[in-house]
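First the structure, in the form of structure tokens, and then the observations on it.
Just so you know, all these numbers are worked out from the coordinates, no wet-lab data involved. Just so we're clear, the structure is a prediction, and the values are computed from it rather than from any experiment. All Cβ positions, even for glycine, are placed from backbone atoms using ideal geometry, and neighbour counts span all protein chains on display.
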Amino acid sequence: MSRHALAVLAFMQAAMAWAAPAHPFSEEDYFSEQPVVLSASRLSQPVNRAPAAVTVITREMIEATGFRHLVDVLRLVPGFVVGWSGGNMPVATHLGLSDAFPHWMQIMVDGRSVYNPAFGQTTWRAIPLMLDDIDRIEVVRGPNAANDGINSLLGTIHIFTRPASATLGGMGEITAGDKRFRELNLRYGVETANGSWRLGLLGREDERHGVALDHASDVQLSFRGDFQPGPGDALMLQAGASRGFGQGGNAGYVFNPDQRTYFLSGYANLRWTRTLGEGREWSLQAHHTFNQNEELARPPDAMSAYLASLVSPVYLDSLNANFRVNGTGIQFNYLDKSAADLRTSMSGEYYLNTIYGPYFLDTDRKVDDRIVRVSGALEWNLTPEWVLHAGAMLEHHSDPEGTHFSPRLALNWLPTPTHAFRAGISHGVSALGLYANHTDIKFVLAGTDATFDQAVLSQALLGGDNLEPEKIDSGELGYLFSEPGWALNLDVRAFHNRIRDMVDPVLRPFPDLMDGYVDVYENVGAIRQTGLEYQLRWQPLRKGWLMLSQSWVDTDDDLGGRYENATPRHTLSLLVAHPIAGVNASLGYYRVGAMRWIVWPDATSGFQHSSPYVSRTNRLDLRLAKDWKTADGHIVAALVIQALLGEEEEAFQYFGQQEFGRRGYLSLKYEFK
């Protein structure tokens, strides 16, 4: 950390000591307790009794960061890397493996998966979700396939939104700042005879670096209703839609500075929960999600110029990257917590994922994957000090067809209320998305059939035959320390991962008219990772707190160092908050070691396996906020300055090395009953 950062942190700590009132610690304070989590096994449990390491991000932490994009909040989690391949396409990865389309993390909002089954990644900007509506985020750090199924190879992000009863009344917020950042948030909540509901609207426009392929805008509409139709019954209804524009691309390739994409997404989510008494309950959840992308990409300028200069000029059609994706699911859960020493959960799920994208798939018909899942978990208190966890999921996929078994076993030892130890082993798999199995991207001669059976000038990419899913075998040791008297919680995790059957493009001969080669998706190698990570939550003063996270990862692969180079050896995040003279002040520091992103778009040859540029993060953000109470609510004015240390290198875009420069914005928020 630089001298400037240390100086600011020292000032913050001194100001916290000067401003703190002399009140005793309260054990009811969040930082004085072990947070209760739900996402590790569907059974609510303190983190020191959970079968996996879990990071909890609260509303207070989200507000203190000053972030305006959901994906940036994940910088608080040990080992996470956040990058932007254009103003419209942020990505987040865990433990490196930094791909433009990372498919190793499952992301769920109120129990509904939001990852894109076409490409296996998440279009973060297309999620209709306001930051102000989030109650908390739980991130399972490590394989969680036994609970969340395929795509939970490196972990799961569970986002829980606030109940409608917590957002009654109205809210309006306007934000403006550098890089053309503008945002408007509106929300209104109403209480009814048997519940409550809210409606939210968000409009946003910004640029990341202020260069081409960087401008983006979106409008989001969201609804949530919580109702109690009868004794023991709870009904949650959600719906939302998002419409946006972004320079760059959502389908992978970015060839030209005028490339752009338009997206439309939406969802509906219904969950019915019935409490049976004696610690038993069941829930039935049904949901539908759709994503639509409109994108046209001209062939690379260098390729077009060369072909036009020939004695007999050749012209190419643009690449049509339009696609539609639909996902429908129904899930039944049963929880039994009636016994004092044995708690169980059981789940059955059915999913239908469908993609239509004839211009980059090998068919002009819809491609679908039908998924059936059955899972279960138990928590057995062998003695007051020993807890055994066992869980597994069995799931069947129709494309590619196969049945997968993902087990997990963990043992927790709690010798004292202060110390807890955990040992666990797990196995999981990762879906590549329907894209890897069916992709067929090619440059064709202008005026020919643009879809099938044409003379192909250059075949860029082909899907593989009978691809095996990527698999992980993981072992971990955990230690948790909690001392309410010190208001301190420490979570340490040491782990070893072996990931095999990695799927990557391999150059193979192909009879096209230009170079005679094509990249084909194949199972080609394995990765080994050994690492240590920790997170520390401490509240040294009644109103002052900090959260510190670090990770160290050593990565080795048999693919020429491709994934080793894509994994930073060290990450660090520090968030400190405390009111100073009536102003809520918070400071965030984020550091990511040198790395190179994978599958780097190239203007001439399609893509390279690794970026030629190095990315790293060394960033310091400051937020200052003032709160005024009114007769019926309160007003909050906030100033956020990002990148106080100067430039953050983000070498991910089509134009190569980019820098996230210093910037600021102001926001004014009014909430009323």
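When ranked by the protection proxy of mean other Cβ atoms within 10 Å per residue, highest first, what sequence do the peptides 40-52, 630-642 form? The partial results should precede the final answer.
Working: 40-52: 23.8, 630-642: 15.2.
Per-residue mean Cβ counts within 10 Å order the peptides as 40-52, 630-642.
List the pairs from LYS366/LYS471; LYS543/LYS673; LYS337/LYS366 whose alpha-carbon separation is above 32 Å, in the order I gave them. Walk me through the numbers on the way to the answer.
Working: LYS366/LYS471 27 Å; LYS543/LYS673 26 Å; LYS337/LYS366 43 Å.
Beyond 32 Å between Cα atoms: LYS337/LYS366.
To the nearest whole percent, what portion of all C-alpha pairs in segment 378-425 is separated by more than 16 angstrom? Please report the intermediate quantities before stating the final value.
Numbers: 598 of 1128 pairs.
In whole percent, the long-distance tail amounts to 53.
Each residue of segment 229-241 in turn: what ³J(HN,Hα) in whole Hz from Karplus with 6.51, -1.76, 1.60 and θ = phi - 60°, glycine and Pro shown as x?
Here the 3J(HN,Hα) series is x, x, x, x, 10, 9, 10, 10, 10, 10, 7, x, 8 Hz.
Ordered by packing density, taken as the mean number of other Cβ atoms within 10 Å over each peptide's residues, highest first, how do 471-479, 398-406 rank?
471-479, 398-406
Net charge near LEU490, counting Lys/Arg +1 and Asp/Glu -1 over other residues with Cβ under 10 Å of its Cβ?
Numbers: positive: ARG537; negative: GLU483, ASP491.
For residues surrounding LEU490, the net value is -1.
What net charge do the residues around GLY177 carry, taking every other residue with its C-beta under 15 Å from that of GLY177, with Lys and Arg at +1 and Asp and Glu at -1? Kindly include the intermediate steps, with their values, before the conclusion.
Numbers: positive: ARG68, LYS179, ARG180, ARG182, ARG204, ARG208, ARG623, ARG662, ARG663, LYS669; negative: ASP72, GLU173, ASP178, GLU183, GLU205, ASP206, GLU207, ASP621.
The answer is +2.
What list of ³J(HN,Hα) couplings, whole Hz, do you get for segment 55-61 from phi and the Karplus terms 6.51, -1.76, 1.60, once you set θ to phi - 60° and write x for glycine and proline?
9, 10, 10, 8, 4, 4, 5
Which residues' amide hydrogens lie under 5 Å from the amide hydrogen of ASP558, considering only partners 5 or more residues apart or on another chain, with H built in the peptide plane?
Hits under the 5 Å cutoff: ALA526.
Enumerate the whole-percent occupancy of each 5 Å bin, from 0 to the last occupied one, for all C-alpha pair distances of segment 150-230.
3, 12, 16, 14, 13, 14, 15, 8, 3, 2, 0, 0
If you add up the charges near ASN565, with Lys and Arg at +1 and Asp and Glu at -1, over every other residue whose beta carbon is less than 11 angstrom from its beta carbon, what do you get? Please list the in-between numbers first.
Numbers: positive: ARG562, ARG569, ARG596; negative: ASP557, GLU564.
Surrounding charge for ASN565 is +1.
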